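The values are calculated or read from the model by the stated rules, or taken from the named source; none is laboratory data. Computed from a prediction, not measured in an experiment: that's the story for all the values here. Heads up, the Cβs are rebuilt from the backbone with ideal geometry, glycines too, and the neighbour counts pull from every protein chain shown.
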Amino acid sequence: MNTAQRVDLFGVATDAGAGTRGVGMGPEALRIAGMPEMLAELDRTFVDHGDIRIPRPKAGRDAWEIAAARKAEVLGLAAETSAKAFGSLQTGGMPVFLGGDHSLSMGTVSGVARHGAKAGKDVHVLWVDAHTDFNTPGISPSGNLHGMPLALLCGEDEFDDAFGGPWRGTVDPRNVTIFGARSIDRDERSLLTDRGIEVVDMREIDEMGVVAHMRQVIERAEGAHLHVSFDVDSMDPSIAPGTGTPVPGGLTYREGHLIMEMLHDSDLVGSLDVVEVNPYLDRSGETARLAVALISSLFGRKIMARGSVFDQPETGATSAKPRPPVRA
């Protein structure tokens, strides 16, 4: 992550892909929680481009009409966010998208993938989420599009022609890691296994910890463009209540920060989504403030100046530099 790089902030004020209303207010909640001020404090050059909005087509009261209108909004936003991601990267920026529900990643990651193809650079995706979002229209229990973006991005063919067009890009499933999963539908689980997608679930994190798994993620992505798609429901709902699909047993405060700190140290992250902050369900902005704090670690905020975990042997040996004496 080049510290001189311009950060392009784009809000995506939509809840069209979700089953719970309110997440469309997420971009403003993140701004109020201090996202711009945090970037300024860390001496990052940034431009806030405001919110991307697509007027939702009028729909009748029938369920199919409502679903069609919401789908049209998701796809309209996908074309817009793909163009914004592509344009930002082509001009040396780092696009950061503030959601909004996770369906917005259909467009954001597509734009990143298109840039990677043009630049001749591999794209890896780290999907930090309680869910794997690998449903397709044929297997989704709910039909909500925020549970399908990763399947679309990995090229699953159950999506109709409306999901195509010049805006759409794809990523190699072998270059995707889902991190922090703990709620996966049965058919979705089979599809993930068939496609060989790396899923680091909470059982594995409990057993081996964050560092070992993050080392593997970063080693796999070495030399590539790494896109991070961070869903706040990856965090435990006790500290991140403001989200529409909370699942108990999530990442702790320190696990979340350690993930972001290691990503900063890796110098690989070139684009970012922050999604599913729902202020309507939050406690006095707690979830938005947590999200901003975590992203501050991704952009380089540290407790103390120190080296990277990659500078240390895997045995956990510490630096040979002596510590100053402790005065009584």
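Only one of (1) in a helix (DSSP H, G or I); (2) in contact with a Ser or Thr (Cβ under 6 Å, 6 or more places away or on another chain) fails for MET106. Which number is that?
MET106 satisfies every listed condition except (2).
Which one of VAL228, VAL171, VAL200 is touching a helix residue (DSSP H, G or I) at 6+ places or on another chain (Cβ under 6 Å) and within 30 Å of LYS71 (Cβ to Cβ)?
The unique qualifying residue is VAL171.
For segment 12-95, list the helices (runs of 4 or more DSSP H) that sit wholly inside it and hold at least 2 residues that are surrounded by fewer than 16 Cβ atoms within 10 Å (Cβ to Cβ); which are they?
Filter on segment 12-95 gives 35-41, 63-90.
Is it the case that some residue within segment 145-153 is in a loop (DSSP other than H, G, I, E, B) and surrounded by 14 or more Cβ atoms within 10 Å (Cβ to Cβ)?
Checked against the condition, which is being in a loop (DSSP other than H, G, I, E, B) and surrounded by 14 or more Cβ atoms within 10 Å (Cβ to Cβ), segment 145-153 yields at least one hit.
So which residues in segment 154-177 are acidic (Asp, Glu), in a helix (DSSP H, G or I) and touching a Lys or Arg at 6+ places or on another chain (Cβ under 9 Å)?
Hits for segment 154-177: nothing passes.
Identify, by number, the condition in (1) farther than 20 Å from VAL247 by Cα; (2) touching a residue at least 24 places away in the same chain (Cβ under 8 Å); (3) surrounded by fewer than 20 Cβ atoms within 10 Å (Cβ to Cβ) that PRO166 doesn't meet.
Exception for PRO166: condition (2).
Going by what's in this entry, would SER271 be described as at pLDDT 95 or above, of a type outside the set (A, V, I, L, M, F, W, C), surrounded by 12 or more Cβ atoms within 10 Å (Cβ to Cβ) and touching a strand residue (DSSP E or B) at 6+ places or on another chain (Cβ under 6 Å)?
When the stated conditions are applied, SER271 passes them.
Based on what the data block shows, is GLY180 touching a strand residue (DSSP E or B) at 6+ places or on another chain (Cβ under 9 Å), within 28 Å of ARG215 (Cα to Cα), in contact (Cβ under 8 Å) with a residue 24 or more places away in the chain and assigned to a helix (DSSP H, G or I)?
no
Could you figure out which of (1) buried (at least 20 other Cβ atoms within 10 Å of the Cβ); (2) over 20 Å from the mean Cα position of the chain (by Cα) isn't true of SER190?
(1)
Name the single residue that is farthest from the chain's Cα centre (by Cα) among those in segment 104-144 being surrounded by 21 or more Cβ atoms within 10 Å (Cβ to Cβ) and among the small types (Gly, Ala, Ser).
Here the answer is GLY116.
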